[in-house]
Structure formats: structure tokens, C-alpha cells
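Written out below as C-alpha cells is the structure these notes cover.
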Amino acid sequence: MKMVHKIILGNVLVILFIAMGYAFSSQKFDLLQNKLNFVEVADSLNATLLMMRLSEKNYFLYKDASDLPLIRTDLAKSVTALNDEKKDMIRAIGEANFNALESSLNGYEQEIAKLEEAGVYTEEMQASLREAGRELREQSASMVRLEREQANNLITDSRKALLYFFSFILLIALTSTYFFFSKMFRSLRRIEKAANSISRGNFKKIKGKISKDEMGSVMAAINSMCEELGTRHEQLIQSRKLASMGVLTAGVAHELGNPLNNISMVAQNFIELYPHLPEAERLEYMNTVLQECERIRIIVQNLLDFSKPKTADFSMADINGLIRHACKLVQNMLDVSCIECRLTLGENLPLLLMDRNKIEEVLINLFTNAMHAMTCGGFVSITTSLDEKGDYVIIEVADNGSGISEEYLPQIFDPFFSTKGTEGTGLGLSISYSIIKNHNGKIDVKSREGGGTIFVISLPVSKEREGTDERLPNHGDR
Amino acid sequence: MSAYRIMVIDDENIVGKMIKATFEQDGYIVESFLNPVPALERMKEEKFDLVITDLKMKDMDGMEVLQKIKSETPEIKVIMITAFARLDAAVEAFRRNANDFFAKPIKITDLKASVRRLLGEEES
């Protein structure tokens, strides 16, 4: 279910619950209003009966016959009230009580009729009327009391019911809000993690179940973006290589220029000095030409090897050999900038499971960076060693160049981050980071502005024997 | 013809060897060095008329060699050669009073013509 639908459903339910609460309260208030109206009527009946009994008392006290019509009037009022409110009264006090009240009223009327008829009254008649009056009055008072009690009970019960009802609604609302938001925050955290991973140049898809709501759509979009970025990243690696070619061109021009010049000079001398050259020297000249041709062939071959797109190819290899080879590739570039390359390679290092081409690319990237940070007379120092536990081979590439400002350090492995302005593509270190990560290794940097830079690479020592490739690092996900 | 002394400084062994072979045929005295440091030492012992030096070398930059020669013995002619031909390098060399500048591959006849011109023996 989509989140927007969940929100609408939640709101509809809340409105429904509030409406139910309103209907319930409204019904209870109606009931209460009826009861209060009835109490009013019952009070009025009670007052009439009280007035009637007052006249009755006066009649017996002062023996004044004019009190009898007053009793009659109140009696008639009471009978009318009883008949008018019969239905409500039966509901309020029950049929039996009503009948008892009605019969008491009738009994009282009969006593009054007897009194009117007789004109005079006996002690017995007085006692009988007084008794009927008291009974009537008690029943009426009890009716009012009963109704008041019921009204009170109704208020107490309604208050309790409303408390339970709203507590229940609050509980439901809180629980559903908690589940709704915790699910949303879980999804947001997964998205945040993916975004962070992408920013570090790691284009892994979001794993696990993807919900069908809006968060799921965002995750699906991120996943397809990762796929697209992965493809683009590969293309960028290739273009980065071409860019490196540009950097290498200066070195290559120098490198090719020398053997070419040598061949040219030998040939010119050969022609010019031919008659003066002894046979042995002529042969030596031609051998020199062949040697210089071979030198050119090797340079061109190295260049081709470097620019060729390479598929992942993991095998057990000697890191020191690889470093020596990488140094040879950049030697001329370093010579042109008059930068020295110092190697301090650890002895008896274990062979490492690695993609030779990729690791070589990382080394060349680091050498190129070091070279850019230095002026003539600088040095690049490469040290290899085994860590204390023997789990990692540590490769340190240090230079005494301009260093990196502290504020830039956290960003240097970010794609497209460059301190070299238009000269750099900002991809070299980001690609190096990805490559080392795919080897399950680590790459760190220590630097101080003006105080040189040290890159420290740790590559894990493979537990497998040479020649097996069962535990290939996860390199196929980019 | 008086024997002019020429010094060649280039870390490419063959350059010195070839210049020496062809210039000695023409009657020059040629000494070649792979490294600028001993070359400059030698210059203190012997007077040279012309120096042909590479621009990029391991121990000392060709520009530095040029500057040293021109500041101490400005009468010595200096020809710069480089495999790393860049306009700014040539401009910089001339700004520091280099007498000529050649990009590799060098045409020996042009180099000879330049040497003759600089040593004032064009008519010979």
C-alpha cells in the first residue's frame, strides 16, 4: 500500500472515531437532557403535592372548609401531570412504581371525596387521609431521588466511557504512527546508507526487500541510478586512462625522442663516414640501430599495454615485482621532472591475490600525483612491509612535495575532487580507492600542507595457496 | 685550421659517441660526458670553445649547466639539444644566452653549420 493511501486511511479512521465519539456523547447528552426535564416535571409534581398536603394540614389545624377546594385543585393538577407524563414516568421509575403512585393518588382522592361527602370528619378519617397523603408524598419524593441518582450515574458512566474510548483511540493512533514512521525511517536509513556509499564511489545496489510504497520507488530509482553510474564509472575509468595518456605523453615524447635521435645520428654518420669506418665499426653501428629499434618497440608495447581496456584478472603476484615494473613505466616521466624514485622493498613478502593491471594503475596514479606535487629535485619513496600479524602487506608511497591541505583530506577520494584545477580529472584517487576496496584492502592518506604526502595501502594476504582462485575478492559488482 | 675544442654533455651515450666521430673527422677535438658534474670539473682544467649539452639530465638540469657556463665563461658558445622539444624551453634557453637550440632528432649537417657559424669559420 502506498504511503499516501496509508495517510488518507489513517485520517479517515481518525475522523470516523471522532464521529463515533461525538455520536456516543450526543446520545448520552440527549438522555441526560430528558432526565433533567423529567426531574423538573417530577419536582413540579412534588411541589404540587407539598402544597396539597399543606392545605390538608391547614384544614385539620384550623378546620377551615375553604381549604378543601385548594386540595381539590392541587389534586387535579397532580392527576393531569401524572397522565401527561405517564410514559416518561413509567420509563423512569418502572410500571410497578407508577401504578403504586397512581393508586396512592386515587386512594387519596377517595379519602378527600369521603371527607367532602361527610362534611365533618372523624379522627379515623383524619388519620387515614394523613396516612394516604404521607404515602403519596414519599412515593413522589422517591421518584425524584431515583431520577436524580440515575442522572448522576449516567454522567459518571459517560465520563468513564469517554475516557476509555479516547484512550483507546490515542493508543491506536500512537501505535499506528509508531509503525508507520519506524518503517519510513528504516527505509530512509537504507537510502542514506546507499547515498553515502555512492558518494564514496561505491555503486552497490540497495539489498533486501523493496516495499511497494513511495520509499520503495525511491530505492528502485537509486538502484537503477547505481547501475547507470556503474556503467558510466567504467567509461570514466577508460577516459581517465586516456587522460593519463596525456600526462604520459610528455614522458613518452622524451622517451621516443632519444632512441629516434640515436638511430638518426648513427645512420647519418654511417653514410657520411662509411669510407673511413672499419668493418667492425660498421657492424657496431648497425647493431646500435637494432638495439635502439628494440628500445622503441618496448616503449610502444608498454604504452599499448597501459591504454588497453582490461578485464578483471586476479592471480597470485609479487607486489615488489609489480612496483619495480610500475616504476619502469614512469621512469622517464620522473626523469623529465628530475624526480628520484627510491625503493625500500621488504624481503620475503608473501604473494598476493590481485589484479596486476589494476594495482599497477593505482601505483601509476599515486606516482603521477606525487610528481605533480613536486618540483625538480624531489623524490618518491616506495616502501613495502608485512604488518605485525602477517595479515596485510603494507605499501607506502611517500613524497616530499607540496602536501595536501588538511581541509581537503576528507574529500580526496571523492570522484571529481581535484586540487590540480583543470590539470586533474579528479578521478585518479577515486578509482584507486575503488580498486583497493575491490581487493578487500585499505588506502589511507597522511599529509601536511608543505610537508609531503604519504599514501598507505594495505592489501590482505590471501589464505589460499598459490594458483587457486576460489576466494576471489568481490570485484564483479561494478 | 686551428683545432677547436668541443664538449658534448648528454646522458645518451650514443649522442656523444656520434658527435665525437663525425666532428673529429672534421678536425675538432671532442670530449664527451654522460654527466654534467664531471664535465664542469673538466672545464676548469681545459678551455673549451663550444659546449653541446642536453636539456634534461639526471644529476643537473641542462639549463643550470648553461647558466654556469655563461656566468663564469660567457665567451664559450653553448648549443642546447633536447628530446623534449617545447617552445617555452627554447625561449628560456635563449633568454639565458644559449647560442643555438636543436630538437632531437638532430640533423648533423645543421649542427655542423651551427658550430661553424658560432666559431666564426663559415667561409672555411
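Filter the stretch A:376-412 for residues that are of a type in the set (Ser, Thr, Tyr) and without any contact (Cβ under 8 Å) to a residue 24 or more places away in the chain and give the result. Selection gives A:Tyr408 alone. Sub-8 Å Cβ pairs linking a first residue in the stretch A:427-445 that is under 12 Å from A:Asp355 (Cα atoms) and of a type outside the set (Val, Ile, Thr) to a second residue that is at pLDDT 85 or above and in a helix (DSSP H, G or I), at least 6 apart or interchain, are A:Asn438/A:Lys358; A:His439/A:Lys358; A:His439/A:Ile359, ordered by first then second residue. Screening B:Thr53 on (1) within 12 Å of chain A (Cβ to nearest Cβ); (2) in a strand (DSSP E or B) shows it passes everything except condition (1).
For B:Glu64, indicate whether it is more than 14 Å from every other protein chain (Cβ to nearest Cβ) and at pLDDT 90 or above. Before you say what the answer is, go through the steps one by one.
Numbers: more than 14 Å from every other protein chain (Cβ to nearest Cβ): no; at pLDDT 90 or above: yes.
So B:Glu64 does not fit the description; no.
As a summary of the residue check, B:Ile79 satisfies the conditions (1) in a helix (DSSP H, G or I); (2) more than 9 Å from chain A (Cβ to nearest Cβ); (3) β-branched (Val, Ile, Thr) except for the one numbered (1).
Taking the stretch B:108-124 as the range and being surrounded by 13 or more Cβ atoms within 10 Å (Cβ to Cβ) and within 13 Å of another protein chain (Cβ to nearest Cβ) as the test, the residues that pass are B:Ile108, B:Leu111, B:Lys112. Of the numbered criteria (1) closer than 24 Å to A:Ile263 by Cα; (2) touching a helix residue (DSSP H, G or I) at 6+ places or on another chain (Cβ under 9 Å); (3) of a type outside the set (Ser, Thr, Tyr); (4) in contact (Cβ under 8 Å) with a residue 12 or more places away in the chain, the one B:Met60 fails is (1). Here is a check on your reading of the model: is A:Val14 β-branched (Val, Ile, Thr) and more than 25 Å from A:Glu147 (Cα to Cα)? Taking the combined requirement at face value, the residue satisfies it. Residues that are over 19 Å from A:Thr288 (Cβ atoms), within 14 Å of chain A (Cβ to nearest Cβ) and in contact with an Asp or Glu (Cβ under 8 Å, 6 or more places away or on another chain) within the stretch B:9-36 comprise B:Asn35, B:Pro36, listed in sequence order. The set of residues in the stretch A:382-404 being among the small types (Gly, Ala, Ser) and out of contact with any Gly (no Cβ under 9 Å at 6 or more places or on another chain) consists of A:Gly390 alone.
Within the stretch B:82-94, the set of residues being within 14 Å of chain A (Cβ to nearest Cβ) and in a helix (DSSP H, G or I) comprises B:Leu87, B:Asp88, B:Ala89, B:Glu92. A:Asn46 passes every criterion in (1) more than 60 Å from the chain's Cα centre (by Cα); (2) over 30 Å from A:Arg91 (Cβ atoms) apart from (2). What are the residues in the stretch A:439-455 that are at pLDDT 85 or above and not in a loop (DSSP other than H, G, I, E, B), if any? Listed by number, the residues that qualify are A:Lys442, A:Ile443, A:Asp444, A:Val445, A:Lys446, A:Thr453, A:Ile454, A:Phe455.
A search for C-beta distances below 6 Å between a residue of the stretch B:105-119 that is under 28 Å from A:Ile296 (Cβ atoms) and any residue that is of a type in the set (D, E, K, R) and buried (at least 18 other Cβ atoms within 10 Å of the Cβ), counting only pairs 6+ apart in sequence or on different chains, returns B:Ser114/B:Asp100. Of the residues making up the stretch B:95-107, those that are more than 11 Å from every other protein chain (Cβ to nearest Cβ) and either modelled with pLDDT under 90 or not in a helix (DSSP H, G or I) (or both) are B:Arg96, B:Asn97, B:Ala98, B:Asn99, B:Asp100, B:Phe101.
The values are calculated or read from the model by the stated rules, or taken from the named source; none is laboratory data. All values reported here derive from a predicted model rather than from experimental measurement. Cβ coordinates were reconstructed from backbone atoms using ideal geometry, including for glycine residues, and neighbour counts include every protein chain displayed.
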